[in-house]
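Take a look at the structure below.
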Amino acid sequence: MTSHGAVVADPGRARSVAIIMDGNGRWAAARGLSVAEGHREGARALRRTVEAAIDLDVRSLAVYAFSTENWARPPDEVESLMELMEETIERELPDLAKQGVRTRFVGRRDRIPPSLQEKMASLEEETAGNDRLLLWIAFDYGSRAELVEAVRQLVSDGVGVEDVSEGAVSARLYAPELPDPDVVIRTSGEQRISNFLLWQSAYSELVFQDTLWPDFGADQLRAALEEYTLRQRRFGAR
């Protein structure tokens with residue numbers, strides 16, 4: 001604690017991290033490559049970032065892979081993103097599982113291809129016993145939709161007005177076990193949170209980096225966490 005009562009972030013306390021992975025398209029365009037190639041390179045960046053998170057003793061890593069708004073992209077790009085997620089589950093995530101990574105998917109599943117749904121469920125089951133790092137992949141996820149669904153559940157469960165609380169809402173989110181992020185990182189230079197973990201990141205520190213996501217890795221993650229350690233987290237206090 002400081003003399004003003006502020007909670008000072010500790011270098012060892014950034015245990016929960018969230019990342020908005022942005023910039024695949026711009027990375028590809030700058031190199032004369034297809035958007036699909038940009039997304040594929042982004043998948044490689046995810047793997048090395050997860051491995052870096054393990055080395056930095058991060059316990060929970062949530063990444064924004066596909067938003068509810070991404071359905072508005074060209075159909076061929078959406079199709080390639082679905083195929084890429086299947087490839088990532090088959091090629092990248094199994095090696096992470098061997099390193100003790102437990103993977104969970106957060107968001108809707110009713111709109112994605114059945115084959116992808118099956119691969120998601122299988123990976124979650126296969127890694128359920130891992131505890132070195134929790135990897136949360138937000139896929140077909142939108143925070144507003146998540147909150148609307150939580151309210152619907154409150155109504156469906158017959159929760160009385162006097163019993164509506166933060167705890168009641170939190171318990172009805174897509175993944176109630178997902179810890180609130182200590183820090184939310186966004187790549188590519190954009191400075192917005194784009195409907196990602198609005199409830200969970202109410203008091204998260206925000207770090208914006210110019211690096212495009214396919215170029216992100218251990219150095220950039222370490223820099224973001226070091227910036228976090230310089231912040232004073234007051235949680236509304238002085």
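Just so you know, all these numbers are worked out from the coordinates, no wet-lab data involved. What you see is a predicted model, and the numbers here were worked out from it, not measured in a lab. Here the Cβ is made from the backbone with ideal geometry for all residues, glycine too, and neighbour counts use every protein chain on show.
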Looking at segment 44-70, which of its residues are part of a helix (DSSP H, G or I) and surrounded by 21 or more Cβ atoms within 10 Å (Cβ to Cβ)?
Ala45, Leu46, Thr49, Val50, Ala53
Just to be sure, is Ser201 of a type in the set (S, T, N, Q), buried (at least 17 other Cβ atoms within 10 Å of the Cβ) and in contact (Cβ under 8 Å) with a residue 60 or more places away in the chain?
yes
Residues of segment 23-59 classified as out of contact with any Phe, Trp or Tyr (no Cβ under 7 Å at 6 or more places or on another chain) and of a type in the set (S, T, N, Q), total
1
Suppose we filter Arg104, Arg109 for residues that are surrounded by 13 or more Cβ atoms within 10 Å (Cβ to Cβ), in contact (Cβ under 8 Å) with a residue 60 or more places away in the chain, out of contact with any Lys or Arg (no Cβ under 8 Å at 6 or more places or on another chain) and not in a helix (DSSP H, G or I); which single one remains?
Arg104
Please tell me if Leu154 is in contact (Cβ under 8 Å) with a residue 24 or more places away in the chain and surrounded by 14 or more Cβ atoms within 10 Å (Cβ to Cβ).
no
Which of the following residues is more than 16 Å from the chain's Cα centre (by Cα) and under 18 Å from Pro179 (Cα atoms): Asp76, Asp110, Asp57?
Asp57
Residue count for segment 154-185, restricted to those that are of a type in the set (Gly, Ala, Ser), within 30 Å of Gln209 (Cα to Cα) and part of a loop (DSSP other than H, G, I, E, B):
1
Determine whether segment 20-40 contains at least one residue that is among the basic types (Lys, Arg), assigned to a helix (DSSP H, G or I) and exposed (fewer than 15 other Cβ atoms within 10 Å of the Cβ).
no
Filter result (in a strand (DSSP E or B) and on the phi < 0 side of the Ramachandran plot) within segment 112-141
Leu133, Leu134, Leu135, Trp136, Ile137, Ala138, Phe139, Tyr141
In this structure, does Glu87 turn out to be assigned to a helix (DSSP H, G or I), free of Cβ contacts under 8 Å to residues at least 24 places away in the same chain and either in contact with a helix residue (DSSP H, G or I) (Cβ under 9 Å, 6 or more places away or on another chain) or among the hydrophobic types (A, V, I, L, M, F, W, C) (or both)?
no
